[in-house]
Amino acid sequence: MTGLLSSVRMRWLAAIIVVANGAFPALWIVLTSFKSEAELTQKPITYWPQNATLANYIAAFRDQPLPVYLLNSAVIATISTIVSLFVSALAAYALARLRMKYRDFILTGIIAVSMFPLVTLMVPLFEIMRGLNLLNSYWALVLPYTVLNLPICTLMLVSFFQDIPRDIENAAMLDGCTRLGSLWRMVVPLAAPGVFTAGIIAFVNAWDEFLLSMSLNAATQYRTLPVGIQMYQGEWAFPWHIISAALVIAMVPIIIVVLLFQDRVVSGITSGGLKG
Amino acid sequence: MAEVALRSVTKRYGAVEVIHGIDLDIRHGEFAVFVGPSGCGKSTLLRMIAGLEEITAGEIRIDGRIVNHLPPRDREIAMVFQDYALYPHKSVFDNLAFSLKLRKLPKEDIEERVRAAAGILKIEHLLDRKPRALSGGQRQRVAMGRAIVRQPKLFLFDEPLSNLDALLRSEMRAEIKKLHQRIGKTTIYVTHDQVEAMTLAERIVVLSGGNIMQVGTPDDIYNRPASKFVAGFTGSPPMNFLPARIAASPVALEILLGDGSARLAASLARAGAYAVFANRNVEFGIRPEDLAMRRVGANDVSLPAQVVVVEPLGAETLATLQCGAGEMICRLPPNEAPAAGENISIWVNMDKFHLFDSASGSVLRAN
């Protein structure tokens with residue numbers, strides 16, 4: 001019985017804590033987005049909206065150019081994710097497959113670079129973008145987001161690529177593929193769980209980023225969602241209910257991306273190609 | 001069909017040389033088997049022919065053309081891998097059709113070739129399945145089908161049966177042999193299993209430590225081994241070896257086994273031939289089937305021995321014997337099998353023994 005408690009029940013408990021920790025704030029924001037300002041400030045507090053309203057959503061679109069922010073975030077996150085995946089797939093393939101003299105050193109370097117606090121990069125990045133005349137443009141964020149996502153994507157893909165048997169690539173090369181051809185036709189599809197997971201992480205990182213976005217793209221037409229949402233806040237007012245509605249709108253694309261690709265993020269696709 | 005020529009082919013990984021300047025010719029349409037223990041370099045050699053490993057020095061020619069720097073896809077070869085290496089995300093049809101699609105063949109041709117290959121290998125009913133839905137034997141057939149559809153000049157097999165159970169292995173062995181007889185393409189087959197090598201090969205290449213130990217027909221390798229290594233590697237159970245000394249006497253040649261307490265008189269025909277090796281320390285080699293419980297030939301010589309273990313196999317019985325110079329295994333008809341612990345006289349066919357130099361292991365050739 002003690003064993004049962006320590007295994008099954010404890011695992012359930014741990015799972016509930018983890019899910020609640022992640023889901024509760026999001027759920028609270030969703031509930032808040034349907035409450036009126038009056039309900040939000042009344043005491044005792046209400047958990048479920050008493051008079052659910054969509055007025056906050058209408059206000060969110062009325063008070064700020066939310067579609068522009070959405071579009072900017074979508075364009076920047078999508079491009080930086082695709083470029084990150086492309087470049088990191090090449091890097092990961094080299095690290096996973098080629099006989100490289102300083103492989104471990106390079107991997108350590110990648111981990112070390114990924115640990116740099118973002119704030120230390122802000123001034124140099126600002127100067128570079130100003131020098132390149134890229135401030136207030138998509139490139140101002142696409143370039144740094146791509147680079148910042150490379151370490152995590154590369155590290156994830158290295159471990160997935162290493163698990164793919166070399167003979168599958170060899171067979172593809174004998175069948176007529178070049179080495180790069182076998183990477184795109186065999187390794188990447190077989191590492192789909194890793195590729196999609198890395199892609200989702202890269203996309204969410206870019207979608208959520210605030211500091212660089214605020215510094216490099218201050219102009220309204222290039223503002224991304226995290227910065228745009230902050231604009232709802234006035235000098236004397238903090239409209240929680242409208243901000244919550246805007247946050248829910250910001251969450252929707254992420255939820256769609258995760259739902260679309262969750263089937264692909266299932267490992268085990270390689271089973272059957274080899275013995276066993 | 002293709003002819004393969006290796007000239008001084010060498011492979012080094014850093015400072016470690018694993019293939020030491022191999023010279024070998026494989027003829028048009030030949031079924032050659034590379035055999036040897038793990039780590040002997042047989043798979044490395046095959047992969048160098050395939051272009052999956054670069055060669056450090058030397059030259060590989062396929063049909064007279066040097067292919068040292070030619071990528072695998074341009075060598076017109078097909079390979080069946082030990083782990084099958086099927087594409088897990090593609091159906092059996094797409095696995096077979098992949099190389100043809102890359103070559104941009106018309107759809108109808110692809111369909112025709114895939115169906116033909118599937119027909120030969122009896123996998124037509126599996127074409128829509130993914131590899132994970134296949135058994136080991138079916139996967140092996142698909143891997144072979146993938147090689148066949150390409151209609152290559154040269155087939156390479158890298159231990160293709162080692163993951164199958166014994167029954168399936170013998171079935172697939174026969175299939176591969178039939179396939180070669182039907183297609184007639186030059187085939188190089190790598191295995192560590194000497195039974196596979198003996199049954200499949202037209203010529204066997206025995207490798208050890210990155211060197212070729214012997215090249216010959218299965219009959220050559222089994223009956224005329226060039227060294228103690230080759231003799232010990234072929235046959236199941238393998239050849240028996242006993243330390244011995246060749247003693248010359250005025251009338252004949254005697255082989256003194258072990259400490260000299262056991263003496264075997266060489267047959268007259270061979271006595272003269274081996275006389276030149278008199279007084280040398282040698283390894284006396286005799287195959288299990290050349291030992292018998294009763295005298296069979298005129299030149300058989302008996303040896304006292306004690307039966308240690310008896311292993312009945314149905315069609316035959318293996319008996320491990322302790323004679324003065326060491327242990328020997330003999331293969332006997334089941335009805336002649338002695339009992340464990342019994343003291344017997346074992347008859348040695350002195351027309352069939354082999355002598356190897358104690359130091360080098362090379363065979364002492366009778367002149």
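The values are calculated or read from the model by the stated rules, or taken from the named source; none is laboratory data. Only a predicted model underlies this, so the values are computations on that prediction, with no experimental measurement involved. FYI the Cβ positions are ideal-geometry reconstructions off the backbone, even for glycines, and counts take in every protein chain you see.
Could you tell me which residue of the stretch A:203-212 is surrounded by the fewest Cβ atoms within 10 Å (Cβ to Cβ), considering only residues that are touching a Phe, Trp or Tyr at 6+ places or on another chain (Cβ under 9 Å) and in a helix (DSSP H, G or I)? Out of the qualifying residues, it is A:205.
For the stretch B:81-121, give me each residue that is basic (Lys, Arg) and either within 14 Å of chain A (Cβ to nearest Cβ) or touching a His at 6+ places or on another chain (Cβ under 7 Å) (or both).
Within the stretch B:81-121, the first condition is being basic (Lys, Arg), and the residues that meet it are B:90, B:101, B:103-104, B:107, B:113, B:115.
Those that are basic (Lys, Arg) and either within 14 Å of chain A (Cβ to nearest Cβ) or touching a His at 6+ places or on another chain (Cβ under 7 Å) (or both): B:90, B:101, B:103, B:104, B:113.
Of all the listed residues (B:202, B:283, B:254, B:196), the sole one being of a type in the set (Asp, Glu) and over 30 Å from the mean Cα position of the chain (by Cα) is B:254. Would you mention how many residues in the stretch B:322-337 are at pLDDT 90 or above and surrounded by 13 or more Cβ atoms within 10 Å (Cβ to Cβ)? The number of residues fulfilling the criteria is 7.
Could you please let me know if residue B:113 is in the same structural domain as residue B:171 (by TED's automatic domain parsing), charged (D, E, K, R) and either closer than 30 Å to residue B:7 by Cα or in contact with a strand residue (DSSP E or B) (Cβ under 8 Å, 6 or more places away or on another chain) (or both)? So residue B:113 does not fit the description; no.
Among B:191, B:187, which is in contact with an Asp or Glu (Cβ under 6 Å, 6 or more places away or on another chain), of a type in the set (Ser, Thr, Tyr) and in the same structural domain as residue B:22 (by TED's automatic domain parsing)? It would help to see each step written out before you state the result.
Values: B:187 fails: in contact with an Asp or Glu (Cβ under 6 Å, 6 or more places away or on another chain).
Unique residue meeting the criteria: B:191.
Taking every residue in the stretch A:247-262 that is more than 22 Å from residue A:223 (Cβ to Cβ) and pairing it with any residue that is surrounded by 15 or more Cβ atoms within 10 Å (Cβ to Cβ), at least 6 positions away or on another chain, the pairs with Cβ-Cβ distances below 7 Å are A:258/A:200; A:261/A:196; A:261/A:200.
The residue that is farthest from residue A:160 (Cα to Cα), among those in the stretch A:188-202 that are assigned to a helix (DSSP H, G or I) and within 11 Å of another protein chain (Cβ to nearest Cβ), is A:189. Answer yes or no as to whether residue B:117 is more than 24 Å from the chain's Cα centre (by Cα) and within 21 Å of residue B:11 (Cα to Cα). Answer is no for this residue.
One line per residue, one yes/no per condition, for (1) among the aromatic types (Phe, Trp, Tyr); (2) loosely packed, with under 12 Cβ neighbours inside 10 Å:
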| position | (1), (2) |
| --- | --- |
| A:114 | no, no |
| A:121 | no, no |
| A:130 | no, no |
| A:133 | no, yes |
| A:139 | yes, no |
| A:145 | yes, no |
| A:150 | no, no |
| A:153 | no, no |
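I'd like to check something: does the stretch A:140-147 contain any residue that is outside any helix (DSSP H, G or I) and either at pLDDT 95 or above or within 16 Å of residue B:98 (Cβ to Cβ) (or both)? No: the stretch A:140-147 contains no residue that is outside any helix (DSSP H, G or I) and either at pLDDT 95 or above or within 16 Å of residue B:98 (Cβ to Cβ) (or both). Note on the stretch B:338-358: among residues that are more than 18 Å from residue B:324 (Cα to Cα) and either free of Cβ contacts under 8 Å to residues at least 60 places away in the same chain or touching a Pro at 6+ places or on another chain (Cβ under 6 Å) (or both), the one that is surrounded by the fewest Cβ atoms within 10 Å (Cβ to Cβ) is B:339.
Being in contact (Cβ under 8 Å) with a residue 24 or more places away in the chain and within 11 Å of another protein chain (Cβ to nearest Cβ) is the filter; apply it to the stretch B:122-136 and report the residue that is nearest to residue A:168 (Cα to Cα). Lay out the reasoning, then the answer.
The initial filter retains those residues of the stretch B:122-136 that are in contact (Cβ under 8 Å) with a residue 24 or more places away in the chain, namely B:123, B:126-132, B:134, B:136.
From what's left, within 11 Å of another protein chain (Cβ to nearest Cβ): B:129-132, B:134, B:136.
Numbers: B:129: 18, B:130: 15, B:131: 13, B:132: 14, B:134: 17, B:136: 16 Å.
Restricting to residues being in contact (Cβ under 8 Å) with a residue 24 or more places away in the chain and within 11 Å of another protein chain (Cβ to nearest Cβ), the top hit is B:131.
Conditions tested, residue by residue: (1) hydrophobic (A, V, I, L, M, F, W, C); (2) crowded, with 19+ Cβ neighbours inside 10 Å.
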| residue | (1), (2) |
| --- | --- |
| B:97 | yes, yes |
| B:100 | yes, yes |
| B:115 | no, no |
| B:133 | yes, no |
| B:141 | no, yes |
| B:146 | no, yes |
| B:154 | yes, yes |
| B:174 | yes, no |
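The residues in the stretch B:22-42 that are farther than 18 Å from residue B:191 by Cα, modelled with pLDDT of 95 or more and in contact with a Ser or Thr (Cβ under 7 Å, 6 or more places away or on another chain) can be counted, and the count is 1. Of everything listed in (1) out of contact with any His (no Cβ under 8 Å at 6 or more places or on another chain); (2) in contact (Cβ under 8 Å) with a residue 24 or more places away in the chain, the single unmet condition for residue A:99 is (2).
Quickly run through the stretch B:3-16 and pick out the residues that are outside any loop (DSSP other than H, G, I, E, B) and touching a residue at least 24 places away in the same chain (Cβ under 8 Å).
Correct list: B:4, B:5, B:6, B:7, B:8, B:9, B:10, B:11, B:12.
If you scan the stretch A:167-187, which residues turn out to be under 25 Å from residue A:143 (Cα atoms) and either among the polar types (S, T, N, Q) or touching a helix residue (DSSP H, G or I) at 6+ places or on another chain (Cβ under 6 Å) (or both)?
Listed by number, the list holds a single entry, A:183.
Looking only at the stretch B:54-75, which residues are within 11 Å of chain A (Cβ to nearest Cβ), among the charged types (D, E, K, R) and either surrounded by fewer than 16 Cβ atoms within 10 Å (Cβ to Cβ) or touching a strand residue (DSSP E or B) at 6+ places or on another chain (Cβ under 7 Å) (or both)? Within the stretch B:54-75, B:54, B:74, B:75 qualify.
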